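Single-structure report; data block below.
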Amino acid sequence: MAIQVLSEQVIAQIAAGEVIERPASVVKELVENALDAGASTIHITVENGGRRLIRATDNGSGIPAAEVELAFERHATSKLRSADDLVGISTLGFRGEALASIASVSRISITTRHRDETVGTTLQIEGGIVIQRRSTGAPLGTSLTVEHLFFNTPARLKFLKAENTERRHIDTVVSRYAMAYPHIRFLLEQDGREAFRSNGGELSDVLVAALGLDIFRDMILVEGETPINDGQGYIRLSGFTSGPGTHRADRSRIVLFVNGRWIQDTGITFAVVQAYHTLLTKGRYPITVLMIDIPPEEVDVNVHPAKAEVRFRNPNAVFSAVQRAVRQAVIGHGATPLINRSQTDNLLAPLHPYTSDQMPLDLPLETTGRFRHQHADEAADPTAIPYGPSAPAQPRTLPLLRVVGQVGASYIVAEGPAGMYLVDQHAAHERVLYEQFMAEYARGTHFAQLTLASQTIELPMADARLIDEHLDLLRAVGFTLEPFGPGIFLIRSVPAILADRDPVETLHGVVEELEMGRQPAAAPIEERLIRRVCKQAAVKAGTILSLDQMQGLIRQLERCLSPHTCPHGRPTMIHLSSEQLAREFSRK
Ligand code: ADP
Ligand code: MG
C-alpha cells in the first residue's frame, strides 16, 4: 500500500480508542467533566452495561450557547491556555479530548444551560457530525446522553465483555469518584435500578456505601502530613485501610487518588503492601482507600492517555510518606476503639448465640461405621445436621492410628505401626469435610441448613452483582440468598456443615472466589467454593479436643482419598517413622 494521510474520521477514531476503551471510560470522562464544572449533584443512568445508553446529568456551570459545538472539537478545552498551565493543573480534564473522542464513536445528545444564560441549548451529534441544534428551556447544568457506543467501530464493540462485566466496571468508576469527592451527591442507576448512591457527606459515609458495613467496620483511619521540598509544601494523606484481619487475594482493592484523581501506581501500591509487612501473610492484600494531596507542581498528570497514571517529581518521598502513614495506622489501631470489630459486632449483628471461643464443636464422630453429627438431640433440633455418607465406608488409605494426645491445642499426636504421626487438626478436618462434601455434591445429596434468624449480608455493589450472577451456583452449594435491597441479601440457607459458623464471613470468602472467576488453571468455581466452606467449618487450631473427638477425626482421615494434604495443598500430617526416631536417638 502507498503511504497516505488518514482521514479526519479515522484519526479521530484511533485517538478515541486511546481514551475510550469501554463504557466505563465514558462514565469516567463525563463524571470528571461534571466535577470540573463544579456540580454538587451528578446523576448517571446506564442501560445494558453502557452499550445502549449512558447519561450523565449535573448541576454544574453549564456550557455557554456559543461554545457547545466547540466542546466537541478535538483539543478544545476551557481548562488550559498554554503549555505552562500544564505544570499546575487543578482540574481533572485538560486535554479537550474526551467529548470529541466519545462523539466520534457514538450518538450524542446534550442539553446544557450556562449559569449566566437564560436559555439552554440542545445538540445532536452522530459519529462526530452535528445533525441538529436548537435552543430550549433547560435547568442549570448539563445533561449528556451517549447512545450506541462503538456503533461505527465494530472491532471495539467485539472486545466488550459481557454486560455484567461492563456494569461492574461502571459501578467501580462511580464509587471511586464518590470516594474522592464525598461531599458531592452521586446517584448511579443501571437498567432502572439504583446501583450506587452517596448523599454528600464524609468519606466514611461513602465507604460504607462502597464497601459495605461489614468491611467498613474493620477499616482504620489513615492520616499523615509530611513536608516536601524543604518544607515548601506538604504531602497530605488521608483515607482508610483495613485491619490485619481483613484482606483480599489481589491488590485491586488498594485504591489511590492523587489530588482528587484516581490513579494506578505500582510503586505506591507496593508502599501500602509493605506497610503490612509481617501483618499479612504472603499473597494477601489489604483494602485501602488513600487520598494523596500534594502541591500540583510536584506531580505530572500528563503522562497517560486516560490520565490514569501520574509521575511524581519525588517518588521516594511519596513512597515513604505512604508507607509510614499506613504502617502507623495499622500498628496503632489497637488503640482505636472506633473500628474494634468485637465491640461493634455485638451491637450490629447479635445473630450468633456463641462467641467464637464458646463455639460448640461440630466434629463428627464415628459410630457404627457411619459418621454421625455430634449434636445432642437431632430430633428436637430442626437445624441439626444428619451429616456424613451412609454408603459403605471408603477403603483405608492410612494405617489404623491410635491417638496419644494433643499438642498446643492444635496438633494431634498419634501412633501407628510405622511410627509416629503429628496431625494438624484444622487441616485434617478440612480434608475430611471436603471429601465428604464433594462426594455428596456429586451425588446431589448434600444438606443445606435453613438459617433461623433473618440474617442479612450487605455488600458493595460490585460484589453484590457477582453474587447476583451466581445465585444458582451458590444455591447448588447450599447458600440460598435472596436479594433484599441494594447490595443486601437475606441469607435463607447455608451449607449444613457450617452449622454455627458465621455465614457472613464465609460469604465474603465466597465473593473472593467468585472474583477470581474462571481462570483456566484454577479449579472449577464450585470446588473452590466448597473448599472455602470446609475451611470455615473445620475445627480451628487452638481448640482443645477430647480424646473421642480426636479419635473420631483420625478415623475419618484414615479413609480419605488424599489424607496427606488439606484441600488447599498444605500437609495434614508429619510422619516420623520408627527408623527415623531410632536414628534421632542414636539407637542404630
Ligand atoms: P476537557 O475536560 O479536557 O477540557 P472535554 O472534551 O472533556 O475536555 O470537554 C471539553 C470542554 O467542554 C470542557 O473544557 C468544558 O469547558 C466543557 N464541558 C464538558 N462537559 C461539561 C459539563 N458537564 N459542564 C460544563 N462544561 C462542560
Ligand atoms: Mg473532560
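Taken together, the values in this text are just the output of simple stated rules run on the coordinates, not laboratory data. Here the structure is a predicted model, which is why all the values come from computation and not from measurement. Every residue, glycine among them, receives a Cβ derived from its backbone with ideal geometry; neighbour counts consider all protein chains shown.
Quick look at the values:
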| quantity | calculated |
| --- | --- |
| Cα-based helix-to-principal-axis angle, 425-443 vs the chain, degrees rounded to 10 | 80 degrees |
| Nitroxide proxy distance, nm - points 7 Å out along Cα→Cβ at Thr165 and Phe585 | 6.2 nm |
| Cβ-defined net charge surrounding Phe312, 10 Å radius [Lys, Arg +1; Asp, Glu -1] | -1 |
| The range 525-588: Cα Rg divided by the 2.2 N^0.38 Å rule of thumb | 1.48 |
| Kirkwood hydrodynamic radius over Cα pairs of the range 428-571, then Stokes diffusion coefficient at 4 °C and 1.567 mPa s, in µm²/s | 81 µm²/s |
| Net charge of Cβ neighbours under 13 Å - reference Phe240; Lys, Arg +1; Asp, Glu -1 | -2 |
| The chain - mean residue ellipticity at 222 nm from DSSP helices (-39,500 (n - 2.57) per run, n ≥ 4, rounded to 500) | -9500 deg cm²/dmol |
| Folded to 0 to 90 degrees: helix 315-331 orientation relative to the chain principal axis, Cα | 40 degrees |
| Directionally averaged projected area (convex hull, Cα atoms, the chain), nm² | 36.3 nm² |
| Highest average packing first - 56-67, 156-167, Cβ atoms within 10 Å | 56-67, 156-167 |
| Extension reserve of the Lys540-Glu526 stretch, reckoned as 0.36 nm per residue once the Cα distance is removed | 2.7 nm |
| Zero-based 10 Å bins, Cα pair distances in the range 1-61, whole percents | 20, 36, 28, 11, 5, 0 |
| Mean Cβ count within 10 Å, highest first, over the residues of peptides 15-24, 483-492 | 15-24, 483-492 |
| Cross-link pairs Lys282/Lys535; Lys161/Lys535; Lys28/Lys79; Lys282/Lys307; Lys282/Lys540; Lys28/Lys282 - those with Cα-Cα distance over 23 Å | Lys161/Lys535; Lys282/Lys307; Lys28/Lys282 |
| Whole-angstrom gap from the range 246-271 to the range 168-198, using each part's C-alpha centre | 19 Å |
| Trypsin sites (Lys or Arg not before Pro) restricted to DSSP loop in the range 112-146 with at most 14 other C-beta within 10 Å | Arg115 |
